[in-house]
1. Considering every residue within region 59-73, establish whether at least one is at pLDDT 95 or above and surrounded by 18 or more Cβ atoms within 10 Å (Cβ to Cβ).
2. Checking residue 59 against (1) in a strand (DSSP E or B); (2) out of contact with any Asp or Glu (no Cβ under 9 Å at 6 or more places or on another chain): exactly one of these is not met. Which one?
3. Would you pick out the residues in region 27-54 that are more than 14 Å from the chain's Cα centre (by Cα) and assigned to a helix (DSSP H, G or I)?
4. Can you pull out the residues in region 1-16 that are in a helix (DSSP H, G or I) and open to solvent by less than 70 Å² (accessible area, probe 1.4 Å)?
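The values are calculated or read from the model by the stated rules, or taken from the named source; none is laboratory data. From a predicted model like this one, the values you see are computed outputs, not experimental measurements. Cβ placement follows ideal geometry from the backbone for every residue including glycine, while neighbour counts extend to all protein chains displayed. Accessible surface is based on the protein model in full, side chains and every heavy atom, while ligands, DNA and RNA are left aside. Shrake-Rupley method; radii C 1.70, N 1.55, O 1.52, S 1.80 Å.
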Amino acid sequence: MNNFIKKLETLKKQICNIDELHKETFLNAVDQSINFTKKLPEFISHPDVQYTLDGEVFFFWDKKPPLGFGDTSNNKVFVAFYGTDIGEYGYTYKDNGEFIPGKEYARIDSPIPIDLLKELELI
């Protein structure tokens with residue numbers, strides 16, 4: 001996990017690509033994504049990472065298909081770090097093409113929601 005955290009730290013170098021109004025939000029979102037990563041169990045694989053020009057950072061994981069093979073495009077887990085001062089983040093899953101919102105209010109200073117952890121265990 002330490003190499004992945006180092007990779008997230010390098011995202012801060014992308015600040016030159018972020019709109020001036022959102023630079024602080026972006027730095028906060030990167031820090032929040034790092035704090036979230038530190039809470040993940042070691043067996044959870046590293047996600048794909050993307051960011052937006054308005055400062056948000058997104059994690060994406062492909063869940064294993066029900067039979068262990070096949071298309072994963074309709075089975076995903078998403079986590080979005082908004083960089084807000086209160087440290088809230090969003091999460092949702094995509095099962096068979098249907099988006100299912102997270103069940104709990106998620107904040108970076110709280111444990112990872114149980115339903116999110118259960119979905120991540122399917123990766």
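1. At the first step, the residues of region 59-73 found to be at pLDDT 95 or above are 59.
With the extra rule that they be surrounded by 18 or more Cβ atoms within 10 Å (Cβ to Cβ), the set shrinks to 59.
Looking for residues that are at pLDDT 95 or above and surrounded by 18 or more Cβ atoms within 10 Å (Cβ to Cβ), one finds at least one in region 59-73, hence yes.
2. For residue 59, the failing item is (2).
3. 27
4. Just the residues of region 1-16 that are in a helix (DSSP H, G or I), to begin with: 2-16.
Within region 1-16, 4, 5, 8, 10, 11, 12, 14, 15 meet the criteria.
Conditions tested, residue by residue: (1) touching a Leu at 6+ places or on another chain (Cβ under 6 Å); (2) open to solvent by less than 40 Å² (accessible area, probe 1.4 Å); (3) not in a loop (DSSP other than H, G, I, E, B).
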residue: 79; (1), (2), (3): no, yes, yes
residue: 86; (1), (2), (3): no, no, no
residue: 89; (1), (2), (3): no, yes, yes
residue: 92; (1), (2), (3): no, yes, yes
residue: 99; (1), (2), (3): no, no, yes
residue: 103; (1), (2), (3): no, no, no
residue: 111; (1), (2), (3): no, no, no
residue: 115; (1), (2), (3): no, yes, yes
residue: 122; (1), (2), (3): no, no, no
